[in-house]
Amino acid sequence: MDILIVVVILFVFTVVPVKVGANILKIEGATLGICFVAVLLSVLANALATGFIGEGFFPSFVALIITGFFFSGLFKTNTVTGFVLAAISVGVQIGVAMIAVGLGFAFLA
């Protein structure tokens, strides 16, 4: 049961923000499955940037740009829309985290 709760929390914290961003930008065909693939590509971009550049703000910014390119290809939009979608999804993730902390949930590492 604990694993199911963790999977649901991860799903809400990662896939739903991409879906919300796609709905804000009115991107057609943004199903939860495609948003899940988008999250996997975003994790890959972050791992590549961190692996080749290191940690800090600059690798995170590079990962956001790479994620924008991935999103533009996956959602069949232009590069600017892909970058905006990546930025919106990060913003929604931060908002969800702030709400969760405000409600008293603790994110344990």
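The values are calculated or read from the model by the stated rules, or taken from the named source; none is laboratory data. Please read all numbers here as calculations on a predicted model, not as lab measurements. Cβ: placed from backbone, ideal geometry, glycine included. Neighbour counts: every protein chain shown.
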So, in the stretch 26-44, how many residues would count as being more than 14 Å from T14 (Cα to Cα), at pLDDT 85 or above and surrounded by 14 or more Cβ atoms within 10 Å (Cβ to Cβ)? 1
I'm trying to understand the selection: among the residues of the stretch 90-105, which are under 18 Å from F11 (Cβ atoms) and either buried (at least 18 other Cβ atoms within 10 Å of the Cβ) or within 14 Å of the chain's Cα centre (by Cα) (or both)? V90, V92, Q93, I94, G95, V96, A97
Which of the residues spanning the stretch 75-89 are surrounded by fewer than 17 Cβ atoms within 10 Å (Cβ to Cβ) and either touching a residue at least 60 places away in the same chain (Cβ under 8 Å) or outside any loop (DSSP other than H, G, I, E, B) (or both)? T79, V80, A87
Give just the number: which of (1) touching a Leu at 6+ places or on another chain (Cβ under 8 Å); (2) assigned to a helix (DSSP H, G or I) does L10 not satisfy? (1)
